[in-house]
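The values are calculated or read from the model by the stated rules, or taken from the named source; none is laboratory data. Note that this is a predicted model, so its numbers are computed, not measured. So basically every Cβ, Gly included, is an ideal-geometry build from the backbone, and we count neighbours across all protein chains shown.
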Amino acid sequence: MRRAVCPGSFDPITLGHLDIVARASQMYDVVHIAVMINKSKQGLFSVDERIALIEESVADHGNIKVEAFHGLLVDYCEQRDIQAIVKGLRAVSDFDYELQMAQMNHGLSGVETLFMPTNPTYSFLSSSLVKEVATWGGDVSHLVPEPVLRELRRKLERPAG
Ligand code: PNS
């Protein structure tokens, strides 16, 4: 079995993430979406909420597994016999840090990282920007899957006035 992982915080998952995951799912038998738990980073969505939103958003794909993990990504990969980490690159500004992580992960365990160019439609997109725009009432309907839009509206709903 050829297995890959798309790791991240996914707070929340965006259409940019989904584009990468969907493309990876055509290249691998199984694609894992690993919601990496970072206890020092307070999210808008709990880890359980993020997982539920991702599961709802990838329901049409038969070969995508979603789970949370607390620890090193290389340990996640080793425990599940995952051969590749797939990461989207939005712009050259992503490259510095992603290269560092890829080289560190390769040095730790030999796992390969494959970079996939983000669909240009989403090259400016990040979970943080989505949260900021949504917080101030901006329209993010073209940037996130339907379940995320629904939950953003519910969570950020403020009493009128
Ligand atoms: O969506 P993010 O927050 O940009 O994702 C970063 C993430 C979660 C992929 C990265 O921080 C990570 O892999 N964390 C797991 C802990 C780990 O393995 N750290 C060493 C990386 S070289």
Mind checking which residues of region 15-45 are closer than 23 Å to G71 by Cα and among the basic types (K, R)?
K39, K41
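Out of everything in region 41-91 that is part of a helix (DSSP H, G or I) and more than 16 Å from the ligand (Cβ to nearest atom), what residue ends up being surrounded by the fewest Cβ atoms within 10 Å (Cβ to Cβ)?
Taking region 41-91 as the starting set, the residues that turn out to be part of a helix (DSSP H, G or I) are 47-57, 73-80.
Narrowing the set further to residues that are more than 16 Å from the ligand (Cβ to nearest atom) leaves 48, 52, 55-56.
Values: D48: 10, A52: 15, E55: 16, E56: 16.
Per the criteria, the residue is D48.
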Quick check on my filter: what residues within region 1-23 are under 13 Å from V58 (Cα atoms) and away from the ligand (no atom under 14 Å from the Cβ)?
L15, D19, A22, R23
Residues of region 24-40 being more than 14 Å from the ligand (Cβ to nearest atom) and more than 14 Å from the chain's Cα centre (by Cα), which ones?
Q26, M27, Y28, D29, V30
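Yes or no: I20 aliphatic (A, V, I, L, M), assigned to a loop (DSSP other than H, G, I, E, B) and buried (at least 17 other Cβ atoms within 10 Å of the Cβ)? It would help to see each step written out before you state the result.
Numbers: aliphatic (A, V, I, L, M): yes; assigned to a loop (DSSP other than H, G, I, E, B): no; buried (at least 17 other Cβ atoms within 10 Å of the Cβ): yes.
No; evaluated as a whole, the condition is false for this residue.
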P120 vs (1) surrounded by 12 or more Cβ atoms within 10 Å (Cβ to Cβ); (2) more than 14 Å from the ligand (Cβ to nearest atom); (3) at pLDDT 95 or above: all pass except (1)
Counting only residues that are part of a loop (DSSP other than H, G, I, E, B), touching a Ser or Thr at 6+ places or on another chain (Cβ under 9 Å) and over 14 Å from R90 (Cα atoms), region 103-141 contains a total of 1
